[in-house]
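Comments concern the structure below.
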Amino acid sequence: MLFESERKQLLDVLEDLKRDHFIDAGGGALSLRCDDDRVLMTVTASAFRRWNIGPEDFTVVGLDGTLIEAGSALAASGAPIHLSIYSSFPKARAVLHTHSPYTLVFAALNAPVPSVTNGSDTLGEVPCLYCEDAEVKEAARRNASNTRVPSGIVQRPDVYAVNTNFLIPQLLDKFLQRADELERHGLAFTVYRHGIYLFARTVDETVENLARLEASARTAILSQAVRL
């Protein structure tokens, strides 16, 4: 089994995320770039098992999504976003995707997560990537035979089309000019009605940034209820 120590590291991180209610049965994924061209990633449907997973529940893929070592299933449907980050941002070594509750509020509104606490100032306002999933997926279903999903990724041509044709171009447009910031801190974005993605130099940095952004989002929401 490739990358045994890295599998244990990611399992420990997932336990912390569950404990702190940052990840739930609604979805999510965690990945780690283990060397220049191989990525270790949680398998599809890990969330539906309430993240009660083991070392075998990771798959190893190349940066193009090619299967290198199979896990209990293929990589999650959001894998193209992870792999695009690794391909486009050499300093990124970890990507975390969750449906954390407070940042998800802003994603549901297609609104950026504001920086209202000093802990989130380094990341700044977190943008939301937008796509009308239903229309795009329906078109992708009608043309599924024309969409080739790489061998290491769960075979969902509709989701693959949304990611590659709509979300990834927005991601690159917003962040390529900020790539140098990864030398100092991670970066983050939300996806409309879906959740938050964080990428950074280490997996621990993605978790720290998630905590900071959840705190900022929570504070922004609760502050609207306070009348001074």
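Output the peptides 173-185, 155-167 sorted from most to least packed, where packing is the average of other Cβ atoms within 10 Å over each peptide's residues. Walk me through the intermediate numbers first.
Working: 173-185: 12.5, 155-167: 19.8.
Ranking, from highest mean packing down: 155-167, 173-185.
Using Cβ contacts closer than 10 Å as the measure, can you line up 216, 31, 84 from fewest to most?
84, 216, 31
As a test of the formula, what do you get for the chain when each DSSP H run with n ≥ 4 contributes -39,500 (n - 2.57) and the sum is divided by the residue count, at 222 nm and rounded to the nearest 500 deg cm²/dmol?
The helix contribution divided over the chain gives -10500 deg cm²/dmol.
With +1 on each Lys and Arg Cβ and -1 on each Asp and Glu Cβ, how big is the dipole of segment 1-114 about its Cα centre, in debye rounded to the nearest 20? Please list the in-between numbers first.
Working: 10 positive and 14 negative charges, 57 e Å.
That gives segment 1-114 a dipole magnitude of about 280 debye.
Ranking request for peptides 217-225, 92-100: highest mean number of other beta-carbon atoms within 10 Å first, then the rest in descending order.
The packing order, highest mean first, is 92-100, 217-225.
Can you tell which of 160, 198, 29 lies farthest toward the positive end of the dipole of the chain, using +1 and -1 charges on the Cβ of basic and acidic side chains (Lys, Arg; Asp, Glu)?
Going by the Cα projections, it comes out as 160.
Starting from 0.36 nm per residue, how many nanometres of slack lie between residue 118 and residue 87 once their C-alpha separation is accounted for? Mind showing how you got there, number by number?
Details: separation 31, 0.36 × 31 = 11.16 nm, distance 3.09 nm.
Difference between extended and current length: 8.1 nm.
What ranking of 53, 68 emerges when the number of other C-beta atoms within 10 Å of each C-beta is taken as an exposure proxy, fewest first?
In increasing order of surrounding Cβ atoms, one gets 68, 53.
No lab work stands behind these numbers, since they all come straight from the coordinates. Keep in mind the model is a prediction, meaning the values are calculated, not measured. Because the Cβ atoms are built from the backbone with ideal geometry, glycine has one as well, and the counts that use them run over all protein chains shown.
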